[in-house]
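For reference, the structure discussed in these notes is given below.
Every number here is computed from the coordinates shown, using simple stated rules; none is lab data. Given the structure is predicted, the values throughout are model-derived calculations rather than measurements. Here the Cβ is made from the backbone with ideal geometry for all residues, glycine too, and neighbour counts use every protein chain on show.
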Amino acid sequence: MPALDAAALDTLFLTARTYPAFLPTAVDDALLTRIYELARMAPTAANCQPLRVVFVKSEAAREKLKPCLAPGNVAKTMAAPVTAILAADSGFAEHMPRLFPSWPNFQGAWDGMAPAAREWMLAQNGSLQAGYFILAARSLGLDCGPMGGFDREKTDAAFFPDGRYKSQVLVRLGYGDPASLYPRGERLTADEACRIE
């Protein structure tokens with residue numbers, strides 16, 4: 001597989017930023033769907049794909065999300081063109097005969113796992129897909145403002161009342177307002193964070 005060119009690396013990593021504010025430009029629904037279509041192609045354990053997304057765009061949906069937000073996140077979330085609720089589907093195993101047919105008894109293995117192991121698999125793969133989601137959005141020209149400052153229990157009650165989906169992170173989406181950016185924070189160097197054995 002060929003390496004990405006410098007412009008692509010800039011889009012995904014080097015000049016991409018977490019935006020606190022967005023321009024008042026609408027985001028097309030087809031573009032939102034395309035984010036998921038790209039993110040779903042990246043790897044998860046046994047192709048389990050637990051990510052489920054609610055794109056909060058309408059005024060009614062915004063009002064439903066508003067009381068779930070930490071106070072410091074209300075204004076910027078309400079002003080964003082779209083906020084994606086990224087959740088993990090605790091019932092993903094029902095799709096495994098189609099997603100991973102080479103493991104015909106996945107459901108039995110899943111049911112036999114300790115609860116902590118099931119929670120870990122769900123969280124790990126949901127988190128992987130959340131990262132893929134952000135990169136997919138950036139690759140399509142959108143800017144992101146991921147955040148964890150929200151009440152998950154309230155969010156799940158409001159948007160996933162059957163209890164099957166578990167919200168993990170919110171990602172505000174749109175076209176970032178450059179005037180809202182802070183100076184970029186430092187990153188640890190490879191020498192500080194890595195070792196090769």
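Here the 3J(HN,Hα) profile of the stretch 57-63, calculated from phi with Karplus coefficients 6.51, -1.76 and 1.60 at θ = phi - 60°, is 10, 6, 5, 4, 5, 4, 5 Hz, Gly and Pro shown as x. Residues in the stretch 112-127 carry Karplus couplings, in order, of x, 6, 4, x, 5, 5, 5, 4, 5, 4, 5, 5, 4, 6, x, 5 Hz; the curve used is 6.51 cos²θ - 1.76 cosθ + 1.60 with θ = phi - 60°, and Gly or Pro positions show x. Can you match mean projected area of the Cα convex hull in nm² to one of these, (i) 14.2; (ii) 13.4; (iii) 10.4, based on a calculation from the structure here? It is the value labelled (i). Its Cα centre serving as origin, the chain has a Cβ charge dipole (Lys and Arg +1, Asp and Glu -1) of approximately 280 debye.
What shape does the stretch 5-101 have by the C-alpha gyration tensor, where a ≥ b ≥ c are the square roots of the eigenvalues, rounded means a/c under 1.5, and otherwise prolate means a/b greater than b/c and oblate the rest? Here the stretch 5-101 falls in the oblate category. Highest average first, the peptides 121-128, 188-195 ordered by how many other beta carbon atoms sit within 10 Å of their residues are 121-128, 188-195.
Working note: Karplus 6.51/-1.76/1.60 with θ = phi - 60° gives the stretch 171-183 the couplings 10, 6, 10, x, 10, x, 8, x, 5, 8, 6, 8, x Hz, where Gly and Pro are set to x. Distance from the alpha carbon centroid of the stretch 134-197 to that of the stretch 47-91 works out to 11 angstrom. Each stretch of four or more DSSP H residues adds -39500 (n - 2.57); spread over every residue of the chain, this sum gives -10500 deg cm²/dmol at 222 nm. Roughly what would the spin-label model give for D177 and R40, points 7 Å off Cα along C-beta, in nm? For D177 paired with R40, the spin-label model returns 3.4 nm. Across the chain, C-alpha contacts under 8 Å between residues 6 or more apart give a mean separation that, scaled by the residue count, equals a relative contact order of 35 percent.
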